[in-house]
Structures are given as structure tokens and as C-alpha cells.
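The values are calculated or read from the model by the stated rules, or taken from the named source; none is laboratory data. Predicted model, so just to flag it, every value in this text is computed and none were measured. Cβ placement follows ideal geometry from the backbone for every residue including glycine, while neighbour counts extend to all protein chains displayed. Remember, those area values only see protein heavy atoms, side chains included, never the ligands or the DNA or RNA. Shrake-Rupley method; radii C 1.70, N 1.55, O 1.52, S 1.80 Å.
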Amino acid sequence: MLFRLDYRVYRLPLPTPLRTAHGPWVEREGALVQLKDEAGRVGYGEAAPIPWFGTETATEAAAAIRALGDRVTAEQMAAVPERLGSVRFALDCAMAEGTQGLGRRLGKASSADETRPEAAFHPGRRLPVTGLLPAGRAVLAELPKRLEAGFVSFKWKVGVGDLGDELALLDDVLALLPTHAKLRLDANGGWDRRTAARWLSRCAERPVEFVEQPLAPADEDGLRGLAGDYPVSLALDEAVAGLAELRRWQAEGWPGVLVVKPALAGPWPDLVEWIRTSRADVVFSSAIETVVARAAILRSVLTGPELTQRALGFGVGEVFGNRCWDGPVIGPVLDAGWLQGFNLEDAWTALA
Ligand code: MG
């Protein structure tokens, strides 16, 4: 089957810049792709790389899409190197949506769509979403509001302020949490080994679900050492951008959690196959993609095989400050209703 391929690049400001180990992230760059098959069916995909996670850059992603030309076969798209995980993810989404009519179904439902709504496969699936809490003292004001809104899973960014202040705040945060709620800490690779040891011994007697990326991704021996030395679960995030890194850490016996950003990890079916065969303990997480990639991911998570018991890391808020790109608000629980609230064509048209 021959597809007509079109793409549009985007540069979207992040009104509240996101903190990264490489400084503030002020603008999200990526590309949307559109595939049209010979029957005229259209599907959309999004390449949203994060170069400081070790992925391709947005420029490389766009160049790889452009290099495919405006007429492509499924075989040509499957031959895009695994290193270009965000591009492979985008093309796979667009092809799947086009051939299965999902792109349309996600937007305006047609009569054909209503006869076989995807949600009917798992009508009752409701997945908890982790709410992202602000770093520092602001967490104490925000947490009660999130609890009130119904969140029961939280992630708090640490390694931002003074070590002693943050350790003291941890107890204040835990004191606010009811026993059924869970707390994740994310250091974004910002601690040195000594600081990480202080935190992990502090967390050892406390109900912390896991600590994410305590050391820089390059300190692999340090990460393995911490995982062996403390009873707290550790999660890798920055260390495992693509499927190749996920496979490697899992194969080498990583005992903890692996944060999976599906938008960076290549074709969804390949990811599913790896999770099922390896039985890796994964958390699905946002790569600050727009609604186009997010819709594909959340649709797959809601309607596909159950791959994790852990809350979804998609409670990142309205990062673009624009409904066209953020999509419908994601609350404490995600269900199939979320899939009805947008039209992917709007995003495509907005870049015309
Ligand atoms: Mg993280």
C-alpha cells in the first residue's frame, strides 16, 4: 500500500517553562505527520523528541520525515532506524489510525465509528493519573488542592532547593497524604551519590512509591549500587529514552521501575511486545507531547492490553496553555470519555 505523506513542524512556547537538568525548557519543538492511504483514509502522528534524553533532535526528525518523500510504503516507514524513535512512533500512529479509521474516531464520530467504538473493548477501564506537584515549599499549598480534586498518586520534583529544607519538607508532604495515596520523588538525575544516599536512607522508613533518576544517567554503576543498597524502589527515566535503552537495562537485571515515554520509544506494538515478554515494571509517562501523540498513547493504554498497575505519568497539566495542543484536561482518573473530546485535524489545520 502506498501512502501520501505530509508533515508540518511546530514550535510551541511553554508558558511556564519546565525545569530540566539542562536548564529551563521554554519551547516544545516537533512535527506532525499526516498519512493518506489510497482509499483516502487519513491518519495523524506526532514526532516529539527530547534531545537531552538522547533522542534525535526536532531538526533530525523533520529531516528524516522529509527524506521519505511524499509517497511512502509501509516497508519504507518500517525501515526508519530505531535510533529515530519519535519518528517511528509518529509514522506508526499515523498508519494505524489511517488504516483502522481511528483518527476520525478520535475526533468527530461518524455513524461507522459508532458501530464499533473502541471504548467498548474495555468500557470500564479507569486508570489513575499521577498529579505533578511543584518543587519546593509550594508543594504544601498544592497538595491539598490535588487531594480535593481526587488525585491519589503524586510526583514531587526534588533536588531543586536546599537539601535540609527538602528533607524536612518530605515529612510535611507525607503528613498531608492519606494512607491510600502514593508519592513518587523525581530528582531528574540531579543528585550526587552522597546526596542520593541521604535521601534514600531517609525514604527507607517512609511510604515512597519510588525515587526517579536519583543520579545522572551516565552514572550507571552508581545507579545499580543505590538500587542494591536501599530498600526503596528506584526508577530510571532519563537513562531509558528509547526502546534500545529500556531493553538493555532490563536485560542487565535492573531491579526497579522503568519510566517509558511511548512518544520516544518507537512503534507502540514493539513496545507492547517488549513489556509483555520481559515483564518489565513500567510507568507510562508524558514526553510533553501535544494532544496528537498523547491521544494515540492514551487510546492504546485505555483500549490495549493491561501492561502496568502503576498510575499514568500524564498529569502534567496544561503545559501549552492552549486547548488545541493540550487536548482535554486530564484529571485524577482517565477513562474512555477522554478520547471523545477533541479532533486531531484541528491541530493539523492550526499549523497550516
Ligand atoms: Mg522523570
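Okay, here's what the table says:
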{"item": "Label point 7 Å beyond Cα of Leu174 along Cβ direction - residues of the range 202-222 with amide nitrogen under 13 Å", "result": "202-211"}
{"item": "Heavy-atom surface of the chain, accessible at 1.4 Å and reported per residue (Å²)", "result": "43 Å²"}
{"item": "Whole-Hz couplings from phi, Karplus 6.51/-1.76/1.60, listed for the range 28-40; x for Gly and Pro", "result": "9, 10, x, 8, 9, 10, 10, 10, 10, 8, 5, 8, x"}
{"item": "Nitroxide proxy distance, nm - points 7 Å out along Cα→Cβ at Arg193 and Ala244", "result": "2.8 nm"}
{"item": "With every protein chain in place, the chain: carbon and sulfur % of accessible area (1.4 Å)", "result": "51 percent"}
{"item": "Span from the the range 326-352 Cα centroid across to the the range 151-226 one, whole angstrom", "result": "32 Å"}
{"item": "Relative contact order (percent, whole number), the chain, Cα cutoff 8 Å, 6+ residue spacing", "result": "20 percent"}
{"item": "All lysines inside 23 Å of Lys145 as judged from Cα atoms, apart from same-chain residues fewer than 8 positions distant", "result": "Lys155, Lys157, Lys182"}
{"item": "Phi-based couplings in Hz for the range 186-203 (Karplus 6.51, -1.76, 1.60; Gly and Pro marked x)", "result": "10, 8, 6, x, x, 8, 8, 4, 5, 5, 4, 5, 4, 4, 6, 6, 5, 6"}
{"item": "HN-Hα J in Hz across the range 245-258 - Karplus 6.51, -1.76, 1.60, θ = phi - 60°, x for Gly and Pro", "result": "5, 4, 4, 5, 4, 5, 5, 7, x, 3, x, x, 8, 10"}
{"item": "Ordering of 51-63, 340-352 by packing [mean C-beta count within 10 Å, highest first]", "result": "51-63, 340-352"}
{"item": "Sorted peptide list for 158-167, 87-96, 234-243, criterion being average Cβ within 10 angstrom, highest first", "result": "87-96, 234-243, 158-167"}
{"item": "For the chain, with +1 on Lys and Arg beta carbons and -1 on Asp and Glu, the positive-most of Gly222, Ala31, Val160 along the dipole", "result": "Ala31"}
{"item": "Over the chain: helical MRE at 222 nm, DSSP H runs n ≥ 4 each giving -39500 (n - 2.57), nearest 500", "result": "-11000 deg cm²/dmol"}
{"item": "Interchain or long-range residues, amide H under 5 Å from Glu56's placed H", "result": "Gly85, Ser86"}
